[in-house]
1. So if I take the centroid of the Cα atoms in the range 677-718 and the same for the range 230-278, what is the distance between those two points in Å?
2. With an 8 Å cut-off on Cα pairs and a minimum separation of 6 or more residues, tell me the relative contact order of the chain in percent.
3. Once the Cα atoms of helix 706-718 and of the chain are each reduced to a long axis, what angle between those two axes, in degrees from 0 to 90 to the nearest 10, is obtained?
4. By how many degrees, 0 to 90 and rounded to 10, does the Cα axis of helix 873-883 deviate from the longest principal axis of the chain?
5. Evaluate the distance, in nm, between pseudo-label points positioned 7 Å from the Cα of GLU664 and of ARG409 along their respective Cα→Cβ axes.
6. Can you list the lysines whose alpha carbon is less than 16 Å from that of LYS792, not counting same-chain residues fewer than 8 positions off?
7. Quote the FRET efficiency, to the nearest 0.05, computed for LYS510 versus THR290 with a Förster distance R0 of 35 Å and r equal to the Cβ-Cβ distance.
8. Rank-order 848-856, 356-364 by packing density, defined as the average count of other C-beta atoms within 10 Å over each peptide's residues, highest first.
Amino acid sequence: MTSSSSITIYRQDYTVPPFLVDHIDLTFDLGPSVTQVKATTRLRHNPESESHDIVLYGEALELVKIVMNGKTLAKSDYATDNGELRIANVPDDVTLVVDTLIHPDQNTSLMGLYLSNGNFFTQCEAEGFRKITWYPDRPDVMATYTVTIRADKEKYPVLLSNGNLVETGDLPNNRHYAVWDDPFRKPSYLFALVAGNLVCREETFKLADGRDVLLQVWVEKNNLDKTAHAMESLKHSIRWDESRFGLELDLDRFMIVAVSDFNMGAMENKGLNIFNTRYILANPRVATDTDYANIESVVGHEYFHNWTGDRVTCRDWFQLSLKEGLTVFRDQEFSADLTGSDSGRAVKRIEDVRTLRQLQFPEDAGPMAHPVRPDAYQEINNFYTVTVYEKGAEVVRMYQTLFGRDGFRKGMDLYFSRHDGNAVTCNDFLAAMADANGRDLSQFERWYSQAGTPRVRLESHYDEKERTLTVSLSQFCPPTPGQTEKQPFLIPFAIGLLDSKGNDMPLRLKGGKDSGTSCILELSDASQTFTFVDVAEKPVISALRNFSAPVILEYEQSDDELLHLLSHDSDHFNRWEAGQRLAARRLVSLTKAVQDGQPLTLDTAFADAFRTVLSDTSLDAALRELALTLPSEMMVAERLDEIDPHAIHQARQFMRRTLAEKLEKEWRDAWDRNRTEGTYRPVPSDAGKRALKNLALSYLLALDNPVYCQMAIEQYNRADNMTDRLAALTSLVHSGCMNRHPEAKALLDDFYREFENEALVIDKWFSLQATSPHAGIETITTLMEHPAFTLKNPNRARSLIFGFCHNNMAQFHAADGSGYEFWSKNLIELDRINPQVAARLARCMDQWKRYIPSLRKPAEQALRHVSEQPLSRDTREIIEKTLS
Ligand code: 0A1
Ligand code: ZN
């Protein structure tokens, strides 16, 4: 579907649905090229609406007939326009029967009903149900569903839908059927159907209230040996939601299905979650520690949606963060709790903040910046963003920071008691938090309505005589598209003070009580001053502890202060932060030195600080690994007005090499001493050791020493798990070893052969090559021609094309514009196949206006070239916003 003019939908234009649906009966006669869908819907006029028109939505449907209250409608009985079908002046109670034909084998968008490896799957969020039948496909229309699936018995032995299986049986012509009944009212976006040749791992599980439930994980046969971790994660999720939020599973059966063609990560369809295989399949041979952790968090995320999303859903799509921000926050807390330690929680927090800064901060400063609750969209699929998800989660976290865990829980309880079974808004959530905690949160609402990352400036003054410390905080939020003026936010600002020995000092605010050793300052005005009294000596300030608000802190601390925090802060997050700030400061100067042709140098004090961290065995390996990982190139770009990708890359490579040289012995020791014992376990302690060991290896390989190439080759050959094997191979490919060691090169082929039948591992194979700083456009083009490459599978397309365009700064931004040309060519081709995935690729050029002039020109050319093509609504919206 291509469009030349796009319609913008505004949040302010929301009106209630004229008709509500009590129940829908769906019958599917499945066939790959033709599927018949019969939808029988009982509709009732909504007393809150003045309109008496039934409005149905449909896309790419072949309408056979519509019968209303027993009468077949003539074409003149309804009007269709732009995907809407309107039946005017309808009586209060009606039954509609809609017969349609659809063509799953032609559906490459992976929305609605489609085929993957010959099996049927659906994806209905946000507006995919309208590709199945004409229906009031909007989240505030909630109905109970009965679904009958009929299909060939041999080809599709398994027939699944939401809810409970109530009947099965045989039909003539080797066909069979199943009837599913979902007693929970749900919007159409939560409908799901799966039919095919699948097998499952299943278990009966006892809930806290003593009920037994059936848990199933469905996959293709060859993947059954990779389902144990997903099942474990599901059981952990159920237990966690019971104990942390008192929320129980409301179904007798909970199913997860893995599919290899999927646009996103996973989908929370009621009782029938559908997952990208990437977030289900794992065993030590094929999955890395990161894969294991992601699976746990995504399984949790989808499960938690059962309450925050399914039981209480969104009134309209502008409220998407109501369910997504909240559910991401819940999955973050789940993963953090599961680590079972304070340092584990800190590791998780650091990783989450890294994602936010690396992906969401640039979004909030670019052409697609939008509030957590957007005001307008052309294509809702473009708003499944890091702002709605990750910044939304930070907004939810701030309630917890303000009210504590207990206050937050009270707010959640009130939210469910008020809204269970309904479709509501972000303001309803805010009101529940405010009322449960007796607090006026009207100012807090600005976190939902204003886009942009606020900047908070900190200035301090210590008065030795008075023994007081004044902390002045001021806030400013830069303009974003459509929002030039911003009002001050309510910012919870966590702070602590360290004495010269590095100990936390007791805190007391003027006129206040003792506040322990960490307290939350509430910044609500444009600027405010806070005075701490009885401050025994000039402290080093630990500001914005645990990243208590999604802001950019502007606080000039000296190297000495940062080094002090790096060695002593009791807040693990801020220890890490101090190291990152020391490194980032130097990376910015080094980048400038590269641009000016100045010699590059790195001070000893900095290298020594890194050495101290690396050798500090009292610190968890995982925390050391995070502290010793340099800010990414993207992160450095964020700190510069103008982006010079090559200079940034060279600066960072220089820093890596220098740290490798200066700390060579310590890296070697780290590699030697962090080997894990016994059989592979994806637990945080072992994963942390592997991460540190593999970071050490990658630093050592920066030294261009054949001894280390050999070491990596041996690690690859000896590895009994994918984490170590992939790390060795990636380090080899990304270092100079590849060109000098034929043996290293052979490993790439070996890896391919070994894992030829494991699609997810072949994705890794493509992606590790696409992200190599040595992979020029020729390498990428050759890989595109590889028989295993296809644009049709989103995971595969992402591994190679996104890997190159998004995660290979040095090569993508080639001076001759060849990277941008590659981008535009593939974007145009992909858009014809799958608009949703294409629109994500389009986002690679978000930052083009900040590129150095020599790159801006070819970038603009590529963008203009794309904009001149016929494009989907998805891609058109992004390209137009990027160019504007
Ligand atoms: N609600 C899902 C994300 C999701 C959104 C759209 C999709 O369409 C292809 C698929 C999944 C989640 O947050 O997990
Ligand atoms: Zn979600």
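Values quoted throughout were computed directly from the atomic coordinates according to the rules given, and no laboratory measurement underlies them. Not measured: the values here are computed from a predicted model. Counting neighbours? That spans all protein chains shown, and the Cβs are built from the backbone with ideal geometry, glycine included.
1. The range 677-718 and the range 230-278 have Cα centres spaced 33 Å from each other.
2. Values: 1702 pairs, mean separation 78.5, N = 884.
This gives 9 percent for the chain.
3. The two axes meet at around 40 degrees.
4. It is inclined by approximately 30 degrees.
5. 5.6
6. LYS825
7. Details: r = 47 Å, r/R0 = 1.34.
The value I calculate is 0.15.
8. Details: 848-856: 15.9, 356-364: 21.2.
Highest mean packing first, the order is 356-364, 848-856.
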